[in-house]
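Report on one structure; see the data block that follows.
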Amino acid sequence: MPVELYLRGTRAFVLLDASGGSQGHEGLLIEVDTTDPAEPRLGQQAQLDGGFRTSRIVGDVLYAVSDRAAQSFDLQAQPFAAVGSVALTDGAQFAHATDGRLFVTSPPTPQGTKITLVDTTASNGAMTLGGSLEIPGHLDADTKLHYGRGVLRAVTLDWNNQALSRLFT
């Protein structure tokens, strides 16, 4: 099932989730040549390591987050090229990207939500795993995670504490 689409000139990048509601599913990135919109042509494909969660483009790099890893792809290369991958041992649910950082939230546990930093400062898309922190409650949307002016902000909901909402910085 197609879940996200980016258009760069005459190239479309389509992200698919082949989960069908089952465990062990995989995601897929497909490049489509749209030079002739009446006859688009399939191009390069790359398997994602796990079920697709979300993606972001920063500059010419596409970051795809699955439930097992964050992967980066150079979209300037023709066809696109895989650049890097880091394992997300606690899984992934939501992400927020800047020009040098990728923040990934894990699925919530009774203790809270873990936020993992992935360093994306390399302009070619190479990534390194950074630190992480755990905060009480859970994030229920990627819009509740933001980084700006050197500060990470996260809004959580805590059902164990009378549905309390909290802002963490």
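The values are calculated or read from the model by the stated rules, or taken from the named source; none is laboratory data. Keep in mind that what you see is a predicted model, and the values were worked out from it rather than measured. Virtual Cβ from ideal backbone geometry, glycine too; neighbours counted across all protein chains shown. Just the protein is used for accessible areas: all its heavy atoms, side chains included, with ligands, DNA and RNA removed. Shrake-Rupley method; radii C 1.70, N 1.55, O 1.52, S 1.80 Å.
Here the gap between Ser165 and Thr121, fully extended at 0.36 nm per residue and compared with their Cα-Cα distance, gives a gain of 12.6 nm.
Per residue, the chain exposes an accessible area of 53 Å² to a 1.4 Å probe, with every protein chain left in place.
Considering all different alpha carbon pairs of segment 29-169, the Kirkwood hydrodynamic radius works out to 16.0 Å.
Within the accessible area of segment 100-168, the carbon and sulfur atoms contribute 54%, probe 1.4 Å, all protein chains present. On the beta carbon distance between Gln76 and Glu26, with R0 = 25 Å, the FRET formula returns roughly 0.50. Based on the alpha-carbon gyration tensor of segment 1-101 and its eigenvalue square roots a ≥ b ≥ c, which shape applies: rounded if a/c is under 1.5, prolate if not and a/b is larger than b/c, or oblate? It comes out oblate by the Cα gyration axes. In this structure, Arg153 and Ala18 have a Cβ-Cβ separation that, at R0 = 35 Å, corresponds to a calculated FRET efficiency of about 0.55.
For the residues Val151, Val32, Val61, a GNM of the chain with alpha-carbon springs under 10 Å puts the largest fluctuation on Val151.
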